[in-house]
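Participant: Questions regarding the structure given below will be posed in turn.
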Amino acid sequence: MKKKNKVFITSVVAIGIVAGSYFAFTGGSSDVAIAYNGYKVTEKQIENTQKFGGEVIPNGMETIPFDPSKGTYELAVQKGDEVKKGQLLFTYNDPTMKLGVTEAEMQKKLAEKEVALLKKQIDTAKQTLQKNKNAGAPQEMLKAPETEVQQLESQLEMKKFEVEKAEQMIKANKEKLTTLSVTSPVDGFIDEITKNTDEKIGLNGITIRHTGPLKVKGQLSEFELAHVKVGQEVTITSKTVPGKKWTGKVTEITSTPIKGMDENKTVSNYQFIVTLDNSEDLQNGFHVYVTNTSGAATGTVIPKSSIVKKGDKNVVFVMKDGKVKEQPITVEFETDSEAKVSGVKKGEQIVSKPDKDLKDGMEVNAQ
């Protein structure tokens, strides 16, 4: 029995020695420093950006339909051709109108020949009359050549009138022919020539793709509308051409929402158009990203995850000498993940993700 009591006393003493040694080593405190991730306060520029999907489209498209009421036509261009404004695209075949021009031209030529012949006859008659006068012929003998000259001159005036009439007919018929000639309204490229009417395709005709910088077409939800304005500069990127950026401006935002197949949708979308400053390496149909910067600020920047809301103020926990100090700050500008603030200095170490258990003055280990 005495032996058992001796073992028990020895064990209690040993435990006491170990416990005393621990408290002596820790300074008599039972608190253990908790490890937190730290963030070194920096100074830099941050931006508020939004990214939208889009598709590259031509500068413009123009379709000139064929008019079936004007009959057949002859093409003057083919798919892929570059055309200039005013260049002939096609001409309708109207044999009646062309025949009218041909007939008028023939009438003019015939009348001009008769005019030339009458002029010669008049010259001859005048020469004969003058010879008779010089020979002293009596007045009665001069009446016949004088009458002949008058008749020929009268016929000449009639033929000249016929020439003028033929010219007017030619001009009128040619003006009608010009309505059969269809020219390009713009500079561009022949994108498509549809010769057969198809209900799925629409009217047959020639489609011209305008020259000039390409554009980007995309959609904005009703919640995104406030972030994008007409005239705003944007940046374009493409997975197809990695590492390259293009710039442009928003030139159009529709005021009418895009109609979709889903009648039960709860969010409306609106189309926007960006006109590119340059479009090198981009092609019609490429899918791209449109990045819009709605605000920027430069200064002291910290992660938003480090900010704790306490009542009506924001605070961060500054780490120094193994402890944290609660420091009030003012948020001056923010993005989705960062904030420009005042109240802390560049180089200070703060807790990047404080939890609810972190208190002012607590001992911490920075990770």
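Participant: Kindly evaluate E175 against the criterion of being touching a residue at least 12 places away in the same chain (Cβ under 8 Å) and of a type outside the set (V, I, T). Show your work before the answer.
Facilitator: Values: touching a residue at least 12 places away in the same chain (Cβ under 8 Å): no; of a type outside the set (V, I, T): yes.
So E175 fails the test.
Participant: Another question about this same structure. Can you pull out every residue in region 161-172 that is of a type in the set (G, A, S) and either touching a residue at least 60 places away in the same chain (Cβ under 8 Å) or in contact with an Asp or Glu (Cβ under 7 Å, 6 or more places away or on another chain) (or both)? Quick ask: steps written out before the conclusion?
Facilitator: Taking region 161-172 as the starting set, the residues that turn out to be of a type in the set (G, A, S) are 166, 172.
Correct list: A166 only.
Participant: Condition test on L282, is it within 30 Å of G243 (Cβ to Cβ) and surrounded by 12 or more Cβ atoms within 10 Å (Cβ to Cβ)? Break it down stepwise before answering.
Facilitator: Working: within 30 Å of G243 (Cβ to Cβ): yes; surrounded by 12 or more Cβ atoms within 10 Å (Cβ to Cβ): yes.
Criteria met by L282.
Participant: Run S279 past the list (1) closer than 30 Å to F66 by Cα; (2) under 11 Å from the mean Cα position of the chain (by Cα); (3) at pLDDT below 95 and report the number of the one that doesn't hold.
Facilitator: Result: S279 fails condition (1) only.
Participant: Between residues in region 117-136 that are under 20 Å from L156 (Cα atoms) and touching a residue at least 24 places away in the same chain (Cβ under 8 Å) and residues that are of a type in the set (D, E, K, R) and part of a loop (DSSP other than H, G, I, E, B), which pairs lie under 8 Å by C-beta distance while being six or more apart or on different chains?
Facilitator: Going by the 8 Å Cβ cut-off, there are no qualifying pairs.
Participant: Can I ask one more? Suppose we filter T72, T179, T147 for residues that are among the β-branched types (V, I, T), surrounded by fewer than 16 Cβ atoms within 10 Å (Cβ to Cβ) and either more than 39 Å from the chain's Cα centre (by Cα) or more than 23 Å from N196 (Cα to Cα) (or both); which single one remains? Working first, answer last.
Facilitator: On the way: T72 fails: either more than 39 Å from the chain's Cα centre (by Cα) or more than 23 Å from N196 (Cα to Cα) (or both); T179 fails: either more than 39 Å from the chain's Cα centre (by Cα) or more than 23 Å from N196 (Cα to Cα) (or both).
Step by step, each of T72, T179, T147 is checked, and only T147 is among the β-branched types (V, I, T), surrounded by fewer than 16 Cβ atoms within 10 Å (Cβ to Cβ) and either more than 39 Å from the chain's Cα centre (by Cα) or more than 23 Å from N196 (Cα to Cα) (or both).
Participant: Identify, please: which residue in region 345-363 is surrounded by fewer than 19 Cβ atoms within 10 Å (Cβ to Cβ) and of a type in the set (A, V, I, L, M) and is, among those, farthest from V32 (Cα to Cα)?
Facilitator: L358
Participant: Sticking with this one: State whether the residues of region 263-271 include one that is basic (K, R) and not assigned by TED's automatic domain parsing to the domain that holds T235. It would help to see each step written out before you state the result.
Facilitator: In the first step, residues of region 263-271 are kept if they are basic (K, R); the result is 265.
Applying the additional criterion that residues be not assigned by TED's automatic domain parsing to the domain that holds T235 yields none.
Looking for residues that are basic (K, R) and not assigned by TED's automatic domain parsing to the domain that holds T235, one finds none in region 263-271, hence no.
Participant: Further question on the same structure: Would you kindly identify the strands (runs of 3 or more DSSP E) lying entirely within region 162-241 that contain at least 3 residues that are not hydroxyl-bearing (S, T, Y)?
Facilitator: 188-194, 205-210, 215-221, 233-237
Participant: So, one more: Look at region 303-313 and say how many of its residues are more than 43 Å from the chain's Cα centre (by Cα) and on the phi < 0 side of the Ramachandran plot.
Facilitator: Going through region 303-313, the residues more than 43 Å from the chain's Cα centre (by Cα) turn out to be 308-313.
Subsequent filtering for residues that are on the phi < 0 side of the Ramachandran plot retains 308-310, 312-313.
Qualifying residue count for the region: 5.
Participant: Would you confirm whether any residue within region 244-254 is in a strand (DSSP E or B), modelled with pLDDT of 90 or more and in contact with a Pro (Cβ under 9 Å, 6 or more places away or on another chain)? Break it down into steps so the answer makes sense when it comes.
Facilitator: Filtering region 244-254 for residues in a strand (DSSP E or B) gives 245-253.
Among the residues that remain, those that are also modelled with pLDDT of 90 or more are: 245-253.
Filter once more, keeping what is in contact with a Pro (Cβ under 9 Å, 6 or more places away or on another chain): 248.
Yes: one or more hits.
The values are calculated or read from the model by the stated rules, or taken from the named source; none is laboratory data. Model, not experiment: these values are computed from the prediction. Every residue, glycine as well, gets a Cβ built from its backbone with ideal geometry; the counts of neighbours run over all protein chains shown.
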